[in-house]
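Written out below as structure tokens is the structure these notes cover.
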Amino acid sequence: MVDVLLGLQWGDEGKGKIVDYLAKDYDIIARFQGGPNAGHTLYVDDKKMVLHTIPSGVFHEDITNVIGNGVVIDPITLKKELENIESFGVNPYERILVSERAHIIIPTHRALDKASELAKGKDKIGSTLKGIGPTYMDKTGRNGIRVGDVLRDDFRERYDALKTKHSNLLKQMDFNEDLSTYEEGFFESLEALKKMKVISAEYWLHEQIKAGKRVLAEGAQGTMLDIDFGTYPFVTSSNTISAGLCNGLGIPPTQVGKVFGITKAYCTRVGSGPFPTELHGEVGEELRKLGSEFGATTGRPRRCGWIDLVALKYSCIVNGVTDLIITKTDVLDGFKSLQLGTAYKVKGEELTHFPYQLPEGAMDIVYQEKSGWSKPLVECKSAEDIPAEFKEYQKFIEDYCEVKVSCLSNGPAREALIDLR
């Protein structure tokens, strides 16, 4: 059986920490989509570690980590991650397997990403400029280079052909930067990739599941960034929802068990795009400061707002969430009152269904007010310690979304977590 863990907002929900906590219940952790635009933060021996491509179970000795075919890999980023993991005294080459079908981000993909974003001007989508979108475009356009190709004798010919295609596109876009600077370190980084265990992941996972091994599929970004169901066009280039694990790992839907959905106790978003409950004043700044809301990958300040239950219920529905996990609950310590968005007002009409197209500007939101709590959640060690006011906040979310909360994260430390299961 395969369980899946994913984000229910615009990413940055704290998935890395939760995967790290749940990992003890699994034999295999497998990433099924996204690329180095993801940033999953863990704390190992009180040291901060951000993983962009490698699954979050890598610091567990008895767990095998799989990078699935749905992931796009930047070899330069991957090499740096491998080196960082080695600095903790861990040999990542013994713990990580890579699908031969995963696509490679080549240097000119990053150039295309930058050129495309520059061309959009004020309509830019807030890309991380990591080359993710152009790589997925080459994948669907059947021009891409995969991990298996790196091991072929004709790899350089394939690389040069794709680079030439990209160079011609960049000329048409009046992009005049020196492309050789984008290639620095690329071919050297391929040597690290070649040292890894490259597998036919779909067959390997099938055999492991048949043998009774437990698999946790790890998603990146969040549901609101899904290419089909997110706030299009301000979305990523892959399916971030639970269905994405099937085509991102080669696992049939009949094998899917629990769906762990992660939400913050409030909302954040990086980059452009609609954000219904965004706060522009002092409260938004306070959330950003208390939550250290800066992108793990980009360092950009995150936009902050109250929890959006319309979007959250929608995410629970499209993912089939069985277990809701709330992170960063401690950030709300000290707020005397809290607001939960329960409906959107669009053209005078109240909507509780997430609309096909959200307006980009400010929206009127119907809020439900709840009292804050005086006892800091960061001090709570068990369910019995949780203040009554937070339990009421939690129950309102559960009743609205029709999903039970199974876990609360109440601090950045690895052990700051209350399991309600």
Hydrodynamic radius of the chain per Kirkwood, over alpha carbon pairs, in Å: 22.1 Å
Which order do the peptides 93-99, 402-408, 243-249 come out in when sorted by mean C-beta neighbours inside 10 angstrom, highest first? 243-249, 93-99, 402-408
If a/c stays under 1.5 just call it rounded; otherwise compare a/b with b/c (prolate if a/b is bigger, oblate if not). Do that for segment 151-221, with a ≥ b ≥ c from the square roots of the Cα gyration tensor eigenvalues. prolate
Assuming a viscosity of 1.567 mPa s and a temperature of 4 °C, what translational diffusion coefficient in µm² per second does Stokes-Einstein assign to segment 187-337, Rh being the Kirkwood radius over Cα pairs? 72 µm²/s
Rounded to whole angstrom, the alpha-carbon centroid of segment 337-384 lies from that of segment 237-286 at a distance of 16 Å
Taking the highest mean first, how do the peptides 327-337, 145-155, 300-310 order by number of other beta carbon atoms within 10 angstrom per residue? 300-310, 327-337, 145-155
Protection proxy (average C-beta count within 10 Å per residue), highest first, orders 318-326, 105-113 as 105-113, 318-326
Taking each pair of different alpha-carbon atoms in segment 105-166 once, compute 1/r for the pair, average those values, and report the inverse of that mean as the Kirkwood hydrodynamic radius in Å to one decimal. 12.3 Å
Could you work out [θ]222 nm for the chain from helices alone, using -39500 (n - 2.57) per DSSP H run of at least four and dividing by all its residues? Round to the nearest 500 deg cm²/dmol. -9000 deg cm²/dmol
Please list, in order along segment 319-336, the HN-Hα scalar couplings obtained from phi with the Karplus expression 6.51 cos²θ - 1.76 cosθ + 1.60 (θ = phi - 60°), rounded to whole Hz, x for Gly and Pro. 9, x, 4, 9, 9, 8, 10, 10, 10, 6, 5, 5, 4, 7, 4, x, 7, 6
Can you list the residues, at least 5 places off or on another chain, whose amide H is less than 5 Å from the amide H of residue 30, using H built in the peptide plane? 66, 216, 217, 218
Net charge near residue 240, counting Lys/Arg +1 and Asp/Glu -1 over other residues with Cβ under 15 Å of its Cβ? -2
Amide H neighbours of residue 307 at under 5 Å, excluding residues fewer than 5 places away on the same chain, with H built from the backbone geometry, are 267, 341
Mean 1/r over all different Cα pairs, inverted: what Kirkwood radius does segment 263-419 give, in Å? 16.2 Å
Neighbourhood charge, 9 Å Cβ-Cβ cut-off, centred on residue 13 and excluding it, Lys, Arg +1 and Asp, Glu -1: +2
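Bear in mind that the values in this text are calculations on the coordinates, not laboratory data. The structure presented is a predicted model; accordingly, all values stated were derived computationally and were not measured. With ideal geometry, Cβ positions are generated from the backbone for all residues, glycine too; neighbour counts draw on all protein chains shown.
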